[in-house]
Amino acid sequence: MTQIDKSKPVLVTGATGYVAGWLVKQLLEDGLTVHAAVRNPDNAKKLAHLNAIAETAPGTIKYFKADLLQEGSYAAAMQDCELVYHTASPFFTDVKNPQKELIEPAVNGTANVLESANQTPSVKRVVVTSSCAAIYSDCTDCQNAPNGVLTEDVWNTTASLDYQPYSYSKTLAEKKAWEMQKQQSRWDLVTINPCFVMGPALNPHSNSESTNFLKQVGDGTMKAGAPKMGTGIVDVRDVGNAHYLAGFTPSANGRYITAAHNTNILDMALTLQDKYGKDYPLPKKAVPKWLLMIVGPFVNKLFTRQFIRNNVNVAWKADNSKIKKELGIQFKPLQQTMEDAFQVLIDNKLV
Ligand code: NAP
């Protein structure tokens, strides 16, 4: 049982991020003081959405310069905090050197933040943004899981430096976090493990893979069809709330699969048809698996034959009962998540 004093500041690493934005918003609206750790506090464009929220919310935001790869750089931001949210991690799939671009910042960065927690006597709880990527790589992993469903007991054993290195980085980073937590007894650890996050971006120019994916749904890239590739989906507002609840629920513990709907890429895109189908070149049908096997590897680096074989026309299934029961979360409907996300792109002329 860990009780967090709301009069103390709360640290959010990677505060500029798509997911972190909604968490910071909720903390500021609750009147808290947020220590926002960012790589560049002088980048006004990246902070504009956070400053706009802070202007009207009862809470206060203070920026601190920190980098995952700079040892000790989170110490100042963590001063006096009882609660630390570690959301910062590189999230992109187009990488040349996965060890340097993904593994090192994710794993060494987590160790860096947690080492500062070890050095900061006020810290009582750390909430790490992990991912369902630390649980599985491919939909075939769902089928191979006990009862064909991913649960918090499952760990990703199929990602590697050569195959799905982002998933590998999240797996190694979460393992590192649990390892370091077990070596001490002052702070406890809770991990939020979201599946694919979708929903409105507070910063419409965010470079998150979530926003990049939705742009491709709306800009004609998938006009000929979308892959029926199994995935989970969760609203970014619910992910922000999940972090909030994981921080302030005294009994929160362990990993939390944060996934609202078991679906696939085509069905996600089809939810936009009614409202936007007339005006935008949205996908209407599935791209056949055999066609993807031929053209996929040329279109997108991620779409290797192994990836297509293991994910297209294969269902994704995860059990989200733990977070609903223990944190009391209620997830938004898929339709609302997709429409609200797409509307942000339209309003900002990004599709
Ligand atoms: P995002 O918008 O790209 O945010 C990533 C954040 O990490 C940014 O604030 C970025 O800072 C920061 N960062 C990256 N490298 C850094 C470094 N070397 N030092 C300090 N900060 C660094 O992506 P997101 O979707 O919000 O992802 C946030 C977290 O959620 C990540 O841990 C990701 O793995 C996890 N997640 C995301 C999804 C999803 O579908 N979006 C699903 C599951 C889990 P800059 O602004 O300076 O670049």
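Please treat every number below as a calculation from the coordinates, not as lab data. Bear in mind that the values here come from a model prediction, so they are computed numbers and not experimental data. No Cβ is skipped: glycine too gets one built from the backbone with ideal geometry, and neighbour counts run over all protein chains shown.
For the reader, a short list of remarks on this structure follows.
- So residue 118, is it in a helix (DSSP H, G or I) and out of contact with any helix residue (DSSP H, G or I) (no Cβ under 8 Å at 6 or more places or on another chain): no
- Taken together, 41, 121 contain a single residue that is more than 26 Å from residue 189 (Cβ to Cβ), surrounded by fewer than 19 Cβ atoms within 10 Å (Cβ to Cβ) and over 20 Å from the mean Cα position of the chain (by Cα), which is 41.
- With respect to (1) over 24 Å from residue 240 (Cα atoms); (2) more than 14 Å from the ligand (Cβ to nearest atom), the lone exception for residue 94 is condition (2).
- Members of region 23-34 that are within 15 Å of the ligand (Cβ to nearest atom) and either among the aliphatic types (A, V, I, L, M) or touching a strand residue (DSSP E or B) at 6+ places or on another chain (Cβ under 9 Å) (or both): 23, 24, 34
- Whenever a residue of region 143-159 is of a type in the set (Ser, Thr, Tyr), its partners that are assigned to a loop (DSSP other than H, G, I, E, B), lying with C-beta atoms within less than 6 angstrom and at least six residues away or across chains, give the pairs 151/319; 158/137.
- Test for residue 108: is it of a type outside the set (Phe, Trp, Tyr), touching a residue at least 24 places away in the same chain (Cβ under 8 Å), part of a helix (DSSP H, G or I) and over 30 Å from residue 312 (Cα atoms): yes
- Tally of residues being touching a strand residue (DSSP E or B) at 6+ places or on another chain (Cβ under 7 Å) and either part of a helix (DSSP H, G or I) or surrounded by fewer than 20 Cβ atoms within 10 Å (Cβ to Cβ) (or both) across region 197-213: 1
- Residues of region 212-254 satisfying the condition of being among the charged types (D, E, K, R) and more than 14 Å from the chain's Cα centre (by Cα): 215, 219, 223, 228
- Taken together, the residues in region 36-59 that are touching a Phe, Trp or Tyr at 6+ places or on another chain (Cβ under 6 Å) and away from the ligand (no atom under 13 Å from the Cβ) amount to 0.
- Residue within region 145-160 that is outside any helix (DSSP H, G or I), surrounded by 24 or more Cβ atoms within 10 Å (Cβ to Cβ) and either within 12 Å of the ligand (Cβ to nearest atom) or hydrophobic (A, V, I, L, M, F, W, C) (or both) present: yes
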